[in-house]
Amino acid sequence: MIPCENESNKDRLERIIRNEILPKLESIVGAQLSEFVDLLLQSCKLKNYAKDQYLEESRSFEDGKLFYIISGIARTFYYDPSCDKPIISRIWKKHDVIFDVNSFQNEEDRAETVQMLEDGELLTIDYYSLKNLLNVFPKMAHCVMCLQAEREKYAMFYQRLLKLSVEDRVRLYLNDNPTLSNRINKDCIATHLGVSRSKFSSAYALYKQDKNRQLA
C-alpha cells in the first residue's frame with residue numbers, strides 16, 4: 001500500500017487496518033464492532049525494518065510478535081546442529097502473516113528466528129497486546145486457528161516439494177513465487193528448497209528457458 005502524501009503514521013495505520021486487515025478478519029468471523037477496531041488500532045504498530053535486520057530471535061514466547069508484511073520479504077529459520085547449518089523453514093512476502101501459533105498458544109519458547117531479506121514495512125502486535133485482544137474479543141481466536149491451519153497446509157506442501165526432483169522443486173516453487181528470484185539472494189531460495197547452489201543454478205537455468213519458450 002503506497003503512503004499518501006502528508007499522511008501521518010496514525011492515519012496510515014488506520015487506513016491499512018480498515019482497508020487490508022479488517023476485511024480479511026471479517027471474512028472469517030463476520031462484521032466487527034467499532035470497539036474491536038479501536039482496540040486493534042491501539043494494539044498495532046507500524047515499523048520499518050532494514051534488510052538483514054532481525055525481527056525476533058528464538059527466545060521466550062512472551063517476546064514473540066505477530067507480523068503482517070505490508071512490503072518486503074522475510075525468512076524464518078532455525079539452526080540444525082546435526083548438519084551444522086541454518087534451515088530456512090519459509091520465505092515470507094507481502095500480505096503474509098508471520099506468527100508462531102504454537103508458541104503463543106502453548107506458552108513455549110520460540111525455536112525460529114525471523115529476518116528481513118530486503119527493506120520492508122510491517123504491522124506488528126506484541127504478545128501481551130494480542131493476548132488482551134483475544135481476551136476481550138474471544139471470537140477472534142478463530143482467526144488464530146485459521147493461521148494455524150494455513151501453517152499446516154504449507155508444511156504439507158513443503159514436505160511434498162522436498163520429495164520431488166531438484167528441477168521440479170525449483171519450477172513449482174518459482175511458479176508460485178515468480179518475482180522472488182529477482183529480489184533476494186538465490187542462495188536463500190536454494191537453502192529453503194534443500195538443494196546446493198550449483199544444482200539450483202542449473203535448475204533455475206532450465207526454468208528460465210521454459211519461461212522464455214512460453215513467452216516466444
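Cβ-Cβ distances below 9 Å connect the following pairs, each with a first residue in the stretch 193-216 that is more than 16 Å from Ser165 (Cα to Cα), a second residue that is surrounded by 12 or more Cβ atoms within 10 Å (Cβ to Cβ) and among the aliphatic types (A, V, I, L, M), and a separation of six or more residues or different chains: Lys211/Leu174. The criterion of at least 1 residues that are small (Gly, Ala, Ser), outside the structural domain of Lys51 (by TED's automatic domain parsing) and more than 14 Å from Leu66 (Cα to Cα) is met by the following helices (runs of 4 or more DSSP H) wholly inside the stretch 105-176: 141-162.
In the condition set (1) surrounded by 20 or more Cβ atoms within 10 Å (Cβ to Cβ); (2) more than 19 Å from Thr191 (Cα to Cα); (3) not acidic (Asp, Glu), Asn106 is compliant with all but (1).
Looking at the structure I just gave you, is Arg183 more than 25 Å from Pro23 (Cβ to Cβ), of a type outside the set (A, V, I, L, M) and either surrounded by 15 or more Cβ atoms within 10 Å (Cβ to Cβ) or in contact with a strand residue (DSSP E or B) (Cβ under 8 Å, 6 or more places away or on another chain) (or both)?
Working: more than 25 Å from Pro23 (Cβ to Cβ): yes; of a type outside the set (A, V, I, L, M): yes; either surrounded by 15 or more Cβ atoms within 10 Å (Cβ to Cβ) or in contact with a strand residue (DSSP E or B) (Cβ under 8 Å, 6 or more places away or on another chain) (or both): no.
It is false that Arg183 is more than 25 Å from Pro23 (Cβ to Cβ), of a type outside the set (A, V, I, L, M) and either surrounded by 15 or more Cβ atoms within 10 Å (Cβ to Cβ) or in contact with a strand residue (DSSP E or B) (Cβ under 8 Å, 6 or more places away or on another chain) (or both).
Does the stretch 204-216 include one or more residues that are outside any helix (DSSP H, G or I) and more than 20 Å from Trp92 (Cβ to Cβ)? Yes.
Would you check if Ile189 is modelled with pLDDT of 95 or more and part of a helix (DSSP H, G or I)? Don't jump to the end; show me each part of the working.
Numbers: modelled with pLDDT of 95 or more: yes; part of a helix (DSSP H, G or I): yes.
The answer is yes for Ile189.
Leu172 passes every criterion in (1) among the hydrophobic types (A, V, I, L, M, F, W, C); (2) in contact (Cβ under 8 Å) with a residue 12 or more places away in the chain; (3) surrounded by 15 or more Cβ atoms within 10 Å (Cβ to Cβ) apart from (2).
Only a single criterion out of (1) out of contact with any strand residue (DSSP E or B) (no Cβ under 9 Å at 6 or more places or on another chain); (2) surrounded by 13 or more Cβ atoms within 10 Å (Cβ to Cβ) is not satisfied by Met116, namely (1). Entry remark, the stretch 18-50: residues being in contact with a helix residue (DSSP H, G or I) (Cβ under 7 Å, 6 or more places away or on another chain), over 21 Å from Lys93 (Cβ atoms) and not in a helix (DSSP H, G or I) number 1 in total. Against the list (1) touching a residue at least 40 places away in the same chain (Cβ under 8 Å); (2) farther than 23 Å from Lys153 by Cβ; (3) of a type in the set (S, T, N, Q), the condition Ser82 fails is (1).
Mind telling me which of the residues Glu118, Glu152, Glu107 ends up being more than 20 Å from Asp176 (Cβ to Cβ) and among the acidic types (Asp, Glu)? Don't jump to the end; show me each part of the working.
Working: Glu118 fails: more than 20 Å from Asp176 (Cβ to Cβ); Glu152 fails: more than 20 Å from Asp176 (Cβ to Cβ).
Going through Glu118, Glu152, Glu107 in turn, just one is more than 20 Å from Asp176 (Cβ to Cβ) and among the acidic types (Asp, Glu): Glu107.
The values are calculated or read from the model by the stated rules, or taken from the named source; none is laboratory data. Just so we're clear, the structure is a prediction, and the values are computed from it rather than from any experiment. Note that each Cβ is placed from the backbone with ideal geometry, even for glycine, and that neighbours are counted across all protein chains shown.
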